Every structure is written in C-alpha cells, then in structure tokens.
Amino acid sequence: MNIELNEKEYRRLLDMVYIGNWILNSARGDDRFEDYDRVEEKIFSLAPSQGMTSLVQIWQGHIYPSQAFADGGIHEAIADYEDAVFFDILAEELARRDLGLEDSDPEDLSELSARMEEYLDEFDRNGLSTVTVENI
C-alpha cells in the first residue's frame, strides 16, 4: 500500500498515530498491544526522511516519538479529550443513577439526555467544585 501525503498531512498523521497508540496502550502497563507499537514505530521511522528528525528518538534499536514531540502540545490535546470524556461519562453515570437506569437503557432517551444536560451545564459552570461524595 502506498499513501501520498504532503509534509503537513504527514505531521498530522504522526499526531493521530501517537494519540491512537496513547489511548490504546498508555494504561496497559506491560500488557501493551504491541502491534500498535509496531505501527507507530513504522510511521515515525519515516520522520527523518521528511526533515523531522527532532520528532523521533532511537532507544534499544527501536524508533519512538521523541521527548520534543511529546512536549510539543500533543498531551494538551489528549488532556482536553480526557476532560471532555470524563465529564460526559460522569454526567451519564449520575443521570442513570438518578433515573434508576444503572443496568438498562430507557426506551425513550429524552429523559436520560435531559438529565445528562443538567449535569453537563452544572459542570460547565462549576467544574467539580459543587460535587460531593458522602460517607468517606
């Protein structure tokens, strides 16, 4: 397979590959999906030939995204995603709890969606400052 990308598209591909592998493997410890690591290495191995040597480093014979790449803002993008997902999941879990739907889906999603929106509005206004946990 051949894919033709210009420099900007290739740079965006590096970001997407890194983010994808981060999502899949960052919390897995030693139980990583190694095939995704290999794809990431293959894509990043092309960086030097594209004049992007500073974006890779070699360690124990393998090519990895460099510290310069990791420090270049990609983790801020990941953090923004994690924040959005965190609040969405929290809103849904709280709404399901409130409606007694922990283990089921309603036939009509409008009530669940409305309750979720109430939580999301609260989180938008106050973050977690008004959230409390009792009994601990």
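The values are calculated or read from the model by the stated rules, or taken from the named source; none is laboratory data. Small disclaimer: the values here were computed from a predicted structure and weren't measured. Counting neighbours? That spans all protein chains shown, and the Cβs are built from the backbone with ideal geometry, glycine included.
All of (1) hydrophobic (A, V, I, L, M, F, W, C); (2) closer than 30 Å to residue 125 by Cα; (3) in contact (Cβ under 8 Å) with a residue 12 or more places away in the chain; (4) touching a Leu at 6+ places or on another chain (Cβ under 8 Å) hold for residue 47 with one exception: (2).
Before we move on, is residue 104 at pLDDT 95 or above, over 23 Å from the mean Cα position of the chain (by Cα) and under 30 Å from residue 131 (Cα atoms)?
Values: at pLDDT 95 or above: no; over 23 Å from the mean Cα position of the chain (by Cα): yes; under 30 Å from residue 131 (Cα atoms): yes.
So residue 104 fails the test.
Let's see how each residue does on (1) under 30 Å from residue 105 (Cα atoms); (2) exposed (fewer than 12 other Cβ atoms within 10 Å of the Cβ):
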{"residue": "39", "(1), (2)": "no, no"}
{"residue": "55", "(1), (2)": "no, no"}
{"residue": "67", "(1), (2)": "no, yes"}
{"residue": "74", "(1), (2)": "no, no"}
{"residue": "77", "(1), (2)": "no, no"}
{"residue": "86", "(1), (2)": "yes, no"}
{"residue": "92", "(1), (2)": "yes, no"}
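Checking each residue in segment 1-36 for being under 16 Å from residue 63 (Cα atoms) and polar (S, T, N, Q) picks out only 21.
I need the full set of residues from segment 19-34 which are at negative phi, assigned to a loop (DSSP other than H, G, I, E, B) and not polar (S, T, N, Q), in order please.
Scanning segment 19-34 gives 27, 28, 30, 31, 32, 33.
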